[in-house]
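This report concerns only the one structure given below.
The values are calculated or read from the model by the stated rules, or taken from the named source; none is laboratory data. Keep in mind that what you see is a predicted model, and the values were worked out from it rather than measured. Using ideal geometry, Cβ is built from the backbone for each residue, glycine included, and neighbour counts are taken over all protein chains shown. Quick note on the areas: whole protein, heavy atoms, side chains included, nothing else; ligands and nucleic acids left out. Shrake-Rupley method; radii C 1.70, N 1.55, O 1.52, S 1.80 Å.
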Amino acid sequence: MARALEQLTGAGLLSGELGEAFLQRSADFKVERPRDKAHGDFSTNAALLLARPAKMKPRDLAQRLLDAMPSEAMHGVRCEIAGPGFINFHFAPERLRTLIPRILNTPEGIRENPSAYGRSNRGAGERVLVEFVSANPTGPMHVGHGRGAVTGDVIARLLSAIGCEVEREYYINDAGAQIDVLGRSVLYRYQECLGRAVTPPSDYYPGEYVIDIARALLERDGARWSGVAVEVVKPPVEVIDFAIEWVMREIRADLNSMGIDFNTWFRERTLHAGGGIQRALDHLSAHDWLYEGVLEPPKGREPSGEENDGRMQLLFRSSRLGDDTDRPLLKADGTPTYFAADIAYHFDKARRGFTRLIDVWGADHGGYVKRVQAAIEAMTGQKDLLDVVLTQMVNLTQGGKQVRMSKRAGTFVTLREVLDETGSDAVRFWFLGRSSGAGVDFDLDLAKSRSNDNPVYYVQYAHARVYSLERKLQERKLSDEQGDLERLTADEELQLIRLLGQFPEVVEGAAISREPHRLTYYLSDLAALFHGYYNQYRILDEDPALRGARMALVRATGRVIANGLDLLGVSALKNM
């Protein structure tokens, strides 16, 4: 279609201001798969969109576009002009069948590694930084962190698949009040390990993991910290550092068990120590984004540490850029707010030359999005540099009852407990089973079951069936030739080929929209269609030509399933 538009303009059909208007609008037309199969395999609104700048009737322009289509692109395609000027394209079976050798001839066969089918260069030239998980180093990862981890990891995989240069980053919040609470909690358990009866701090972390940290600290340092009070405002740095490193080892182990790693582990503490926060504030001040003022607390609520009680404080003019109100950057005691640290961190990310920043946050941070985007726009002048993906909560059930609490964590179910219960494949597929903006109901019993009601089992079983057919071929010593693809005439076979052809579009769409669940939906649909075909037709037919054709279709299906599972980080099993 793009070549047809170029030919019309190049042939002088359109010129001057009319031609410029036509070309400006020509970038907006869409070629889509219609929902109604009767409207073809593809449909475009190009003639409707461009008729006015071309000063032609839509149907007349549609015919001119069809006449200008390259002949090689129209082989095996039937076209029709429908309604007010839509152009529908119907692929003949012989055109559809050409997809099978294209899939199978893509480098690296199904028997070894996922192929390049489904990948593209759409994002070539884009440098993308995906920051995800970034759980506070104050305790184990919970299942909500796990969903953010899987979402961020697969977004990064999808962007790489369309040619983007992608880096992954974990932001370690190792500064602030929550870190002091961790230190006091460890000191409290440390004193208990020494056999002393002590009153716990009012804000301590109750999980059993804190006892493990305290025992490890005692083993390393002996009674060195026995004289430090549990309620100390600022615990010793050595104690805090030990606790942070202990927690981060646990977090890294959980992430490694899911095959997730990062290019960079960025520590918030480096911003404070290296002057990063002041640099960001100076930059904003130099561009008139800061002022001294009074920010009243929300009605009905007492002032917090980030809201002065009527005194002057340093404020960021975020309301200029769509935020609800201006935001404080210094607390009442003059120390930076969390927002100031986040501004400095994103300022650092923007200065590293990325063309796109993507943050994956929990849904409880939804109210924080506008102010961070406003800060980035103020610092860089780029309005759309930052995309934020919010992930909703995971609701765990087992035995028909909701699972709410972990003995180890004290207040929540840890990710490790779920991984130990179900495995990484189930966690990944289930967490991506719905849009990140929708909650997930994770049935622990069903996720472990070998049944078609278990979505990950259903897709993996489809892939395993491909290999079961390969084994039967060898066991029966049947010929293993491609066969005559013209023998693939059944509606189910043509439907399967059509769905295989959508895979590159699904990958690209999921990457651009930051919606990994599109891929799980697609794989579930593909598995359902393949299982139906497998059960209805005799794949290993006695006719060698038909058998070879059907096995070519089966192998192409297995290739696509393997490629899709690879992008999800899920195993493409050969045996179930």
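For (1) open to solvent by 10 Å² or more (accessible area, probe 1.4 Å); (2) at pLDDT below 95, each residue gets a yes or a no:
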{"site": "N88", "(1), (2)": "no, yes"}
{"site": "N113", "(1), (2)": "yes, yes"}
{"site": "L129", "(1), (2)": "no, no"}
{"site": "V150", "(1), (2)": "no, no"}
{"site": "D153", "(1), (2)": "no, no"}
Handout entry: Odd one out for V459, checked against (1) over 22 Å from A562 (Cα atoms); (2) open to solvent by less than 10 Å² (accessible area, probe 1.4 Å); (3) β-branched (V, I, T)
Key = (1)
Practice task
Confirm whether R157 is of a type in the set (K, R), open to solvent by less than 20 Å² (accessible area, probe 1.4 Å) and part of a helix (DSSP H, G or I).
Solution key: no
Problem - Subset of the range 434-456 (residues that are of a type outside the set (F, W, Y) and crowded, with 18+ Cβ neighbours inside 10 Å) - result: S436, V440, D443, L444, L446, A447, N454, P455, V456
Handout entry: Candidates T199, T138 - the one that is touching a helix residue (DSSP H, G or I) at 6+ places or on another chain (Cβ under 7 Å) and surrounded by fewer than 23 Cβ atoms within 10 Å (Cβ to Cβ)
Key = T138
Completion exercise
Scanning the range 532-558 residue by residue, the ones that are in a helix (DSSP H, G or I) and either free of Cβ contacts under 8 Å to residues at least 40 places away in the same chain or open to solvent by 10 Å² or more (accessible area, probe 1.4 Å) (or both) total 10
Practice task
Could you please find all residues in the range 81-100 being under 14 Å from A38 (Cα atoms) and under 38 Å from the mean Cα position of the chain (by Cα)?
Solution key: A82, F86, I87, N88, F89, H90, F91, A92
Practice task
Please work out which residue is modelled with the lowest pLDDT, limiting yourself to the range 58-86 and to residues that are of a type in the set (D, E) and over 20 Å from R498 (Cβ atoms).
Solution key: E72
Practice task
State yes or no: is S479 in contact (Cβ under 8 Å) with a residue 60 or more places away in the chain, among the small types (G, A, S) and either more than 27 Å from R147 (Cα to Cα) or open to solvent by less than 50 Å² (accessible area, probe 1.4 Å) (or both)?
Solution key: yes
Handout entry: Residue in the range 178-193 that is farther than 23 Å from S513 by Cα and free of Cβ contacts under 8 Å to residues at least 24 places away in the same chain present
Key = yes
